[in-house]
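The structure appears below as C-alpha cells.
The values are calculated or read from the model by the stated rules, or taken from the named source; none is laboratory data. Because the structure is predicted, anything quoted here is derived from the model rather than measured. Ideal geometry is used to build each Cβ from the backbone, glycine not excepted, and the neighbour counts take in all protein chains shown. With ligands, DNA and RNA removed, areas are computed over all heavy atoms of the protein, side chains included. Shrake-Rupley method; radii C 1.70, N 1.55, O 1.52, S 1.80 Å.
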Amino acid sequence: MTVTIGRRELLAALGGAAAAWPLAARAQRQPAVPVIGFLSGRSPSDAPYILVPFRQGLKEAGFVEGQNVTIEYRWAIGQYDRLPAQAAELVQKPVAVLVSAGGEPAALAAKAATSTIPIVFTIGDDPVKLGLVASYNRPGGNLTGINIFTTTLEAKRLGLLHELVPQAAAIGVLLNANFPAAERQLRDVQGAARAIGLQIPALRANIDREIEVAFETVASQRIAALAVAASPFFTTRRDKAV
C-alpha cells in the first residue's frame, strides 16, 4: 500500500520494506548473501539523508551492509538517459529486490527493466498517473512505494516567492523538460500565477549550460525571482543555482 509519512520515517520504512521482500522465492538464483539493487537519478554527494535511514531500516530488519546483505548502487547524477541501462544491469546480476530512490525517472526505469523482481520506490508524483501501480489500495504487479508529493508544491513555491517580492510583475520558473512531471508542474504554476496576476516566463534546462543560460535570461529580462521546479537534475546541480 502506498502511504505518506515523514521523510526520515519514510526512508527508514523503505529500508525495512526492501529487506522484507521474500528473498527465498528466488533463492536458487541468488548468491548466499542477498543483493539489493539501489537505483537513483541523483548523485552520491546529495544522498546521505537517504542512505543513512535506508541502512538503519535494513539494520532494524536484521540486515547489515557488508555482513549479511550486499547493496549494488547505481547513480544517474541527473542524466536520466543512463537509468534504463543501469536498471537492466542490476536486474541481470540478479538482485533480490530493486530500490528506486531519487525521482520518477528511476522508478520508471526500474519498472521497465523487470516485471518479476520486487521494486520499492520513493517518488514525488502520483504513482497511479505515472502507471507505476494500479491503485493506492491495490498496487498490483511487482511495485510498491511512497509518494512524498514534492512535485505538487510548485504553486506553493510561487506563493512564497510572491510574498518575498510582492512588487514583482513577473516571476520565472525553471523546469527540466526531461522530468516526467515537468508539464504538469508548469500548468500548476501558471494556474497559481493567474490567480494573483503574475506573469510566469518559463525557462527550461536539460543540460548544465542551459542552467547558466536560464540565469542569464533572468538577469537580462530583469525577472525579479526564479522558482526552480522539483527535479533530481536540479538537485544534483544545486551549486549552479545559487
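Computed over the stretch 173-234, the P(r) curve from all C-alpha pair distances, binned at 5 Å from the origin, holds 4, 19, 29, 24, 18, 6, 1 percent per bin. Semi-axes of the equivalent ellipsoid of the stretch 103-180 are 34, 13, 8 Å, computed as sqrt(5λ) over the eigenvalues of the C-alpha gyration tensor in descending order.
Reported to the nearest whole Å, the Cα centre-to-centre distance from the stretch 53-95 to the stretch 103-125 is 12. Stretching ARG184 away from ARG82 to a fully extended chain increases their span by 34.4 nm, per 0.36 nm per residue minus the current alpha-carbon distance. Working note: Cα gyration tensor of the stretch 68-206, eigenvalues times five, square-rooted, sorted largest first, giving semi-axes of 35, 16, 12 Å. Of all aspartates and glutamates in the structure, the ones whose alpha carbon falls short of 16 Å from that of LYS59, not counting any fewer than 8 places away in one chain, are GLU9.
Expressed as a whole percent, the accessible area of the stretch 133-182 that falls on carbon and sulfur atoms is 59 (1.4 Å probe). Quick one: helix 208-220 against the long Cα principal axis of the chain, what's the angle to the nearest 10°, folded into 0 to 90? Roughly 20 degrees, rounded to the nearest 10. For the chain, taking Cα atoms only, Rg and Dmax work out to 19.4, 66 Å respectively.
Once the chain from GLU65 to SER45 is taken as fully extended at 0.36 nm per residue, the excess over their C-alpha distance is 5.3 nm.
At most 15 other Cβ atoms within 10 Å plus a DSSP loop assignment makes a site exposed; report the longest stretch of the chain without any exposed chymotrypsin sites (Phe, Trp or Tyr not before Pro).
Value returned for the longest uninterrupted segment is 1-135.
Helical content of the chain, expressed as a calculated mean residue ellipticity at 222 nm, amounts to -11500 deg cm²/dmol (DSSP H runs of 4 or more residues, -39,500 (n - 2.57) each, divided by residue number, nearest 500). Once the Cβ-Cβ distance of LYS156 and THR116 is raised to the sixth power relative to R0 = 35 Å, the FRET efficiency obtained is 0.35. Within the listed set GLY191, GLY41, GLY172, the Gaussian network model of the chain (springs between alpha-carbon atoms below 10 Å) gives the highest mean-square fluctuation for GLY191.
The long axis of helix 104-113 is offset from the longest Cα principal axis of the chain by roughly 40 degrees.
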